[in-house]
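Asker: This structure is in structure tokens; I'll ask about it shortly.
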Amino acid sequence: MPQTDDVNLEEVYAFALQLAKDAGKLLDDAWRARCNGDGLVDQVEKESSVDIVTQTDEARAGSHYSRTFKDVEAFVKMKIESRFPAHHFVGEEAYSKGASRDYLIGQDPTWCVDPLDGTVNYTHIFPMFCVSIAFLLEGAPVIGVINAPFMHQTFSACRGKGAWLNETQRLPLLRNPIPPMPKDAPKGCVFSCEWGKDRRDRPDSNLHRKVESFVNMAAEISGRGGKGGMVHGVRSLGSATLDLAYCAMGSFDIWWEGGCWEWDVAAGIAILQEAGGLVTTANPPEDPDTAKIEEVKVGSRLYLAIRPAGDSPTETARQGQERTVREVWKRVRHLDYVRPDA
């Protein structure tokens, strides 16, 4: 049986908030040091030129200012294991060292951490990078904290306690009232998406399917054989975690993506759901008009998020969100990212 009865969520939440701030400071110190010629960062490619790990210069490995990626994860893991030794830990760096791609999150209390989401952004000193820390009970994310140090933004949520920006502004930011979904959504929406790491230029590859989907969402209503979505704008932050946070904030109406891993999304899902958003699968079902809209599986690698919404005179908030999901499904392609055990 999972050991969840003795978990004090308020204690875990307070700990996660402080941990994200401390880990974010390590990232913040490191990029600032790089600008001054200290703590230089080498880029190490994993699978492609956009799938990289940052490593500190070996000669400066002991410097406080040179800690990145691996050092941040080691710091976070050490703090968690010291405070909560009975909890499980899943982190991107520790995970990538193994040969298995098994889904590692079970029913017991588990921390799921991305020490640096937006690695390409961080390498180029583009502000959209962050530390992402999630806590899961019985497989579901119940606490999420995302600290984007360059932007001085900390997004956080604990089940039943709301979602927050910098602990003072409740999410979504527009609240009196919370706007309903546009009546002709996706028209009038800001659509967030990412190119992803799979850049294989092959017919019907994930890359080609994404491009077709992006164009469908952006095209005029009469275009693309009736699939044109005429969204207000298309945005790519380079960080799945922050895409979800900005949906929770209400800045993005829709986020659609395939290929992420659980550490990329767990904290963001916790925050968006607590803010009142909806997260389901990216892949369209056979009949979008009648298919049941189910809650997302954290490790599914396929995600469609809709921002928090308010009621309108003609439909409830949830009805508006589900209507938007169905309209997105009609315009996007099926993506081939398999995770059957998640």
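Let's see how each residue does on (1) in contact with a Gly (Cβ under 7 Å, 6 or more places away or on another chain); (2) within 21 Å of ASN206 (Cα to Cα); (3) among the hydrophobic types (A, V, I, L, M, F, W, C); (4) assigned by TED's automatic domain parsing to the domain that holds TRP111:
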| residue | (1), (2), (3), (4) |
| --- | --- |
| PRO284 | no, yes, no, no |
| PRO288 | no, yes, no, no |
| LYS297 | no, yes, no, no |
| SER300 | no, yes, no, no |
| GLY310 | no, no, no, no |
| GLU315 | no, no, no, no |
| THR324 | no, no, no, no |
| LEU335 | yes, yes, yes, no |
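Asker: Which residue is surrounded by the most Cβ atoms within 10 Å (Cβ to Cβ), if the candidates are limited to region 235-279 and must be within 21 Å of GLY188 (Cα to Cα) and polar (S, T, N, Q)?
Answerer: Per the stated criteria, the residue is SER251.
Asker: Separate question: Could you pull out the residue among GLU73, GLU58 that is modelled with pLDDT of 65 or more and either among the hydrophobic types (A, V, I, L, M, F, W, C) or not assigned by TED's automatic domain parsing to the domain that holds GLU262 (or both)?
Answerer: GLU73
Asker: Hey, another quick one. From the list ALA282, ALA275, ALA245, which residue is more than 17 Å from ASP117 (Cβ to Cβ), of a type outside the set (Lys, Arg) and touching a helix residue (DSSP H, G or I) at 6+ places or on another chain (Cβ under 8 Å)?
Answerer: ALA275
Asker: How many residues does region 223-243 hold that are more than 21 Å from the chain's Cα centre (by Cα) and farther than 19 Å from ARG333 by Cα?
Answerer: So the answer is 1.
Asker: State yes or no: is VAL215 under 20 Å from GLU257 (Cβ atoms), without any contact (Cβ under 8 Å) to a residue 12 or more places away in the chain, of a type in the set (A, V, I, L, M) and surrounded by fewer than 16 Cβ atoms within 10 Å (Cβ to Cβ)?
Answerer: No: the conditions fail for VAL215.
The values are calculated or read from the model by the stated rules, or taken from the named source; none is laboratory data. The structure presented is a predicted model; accordingly, all values stated were derived computationally and were not measured. Here Cβ is always computed from backbone atoms with ideal geometry, including for glycine, and neighbour counts include all displayed protein chains.
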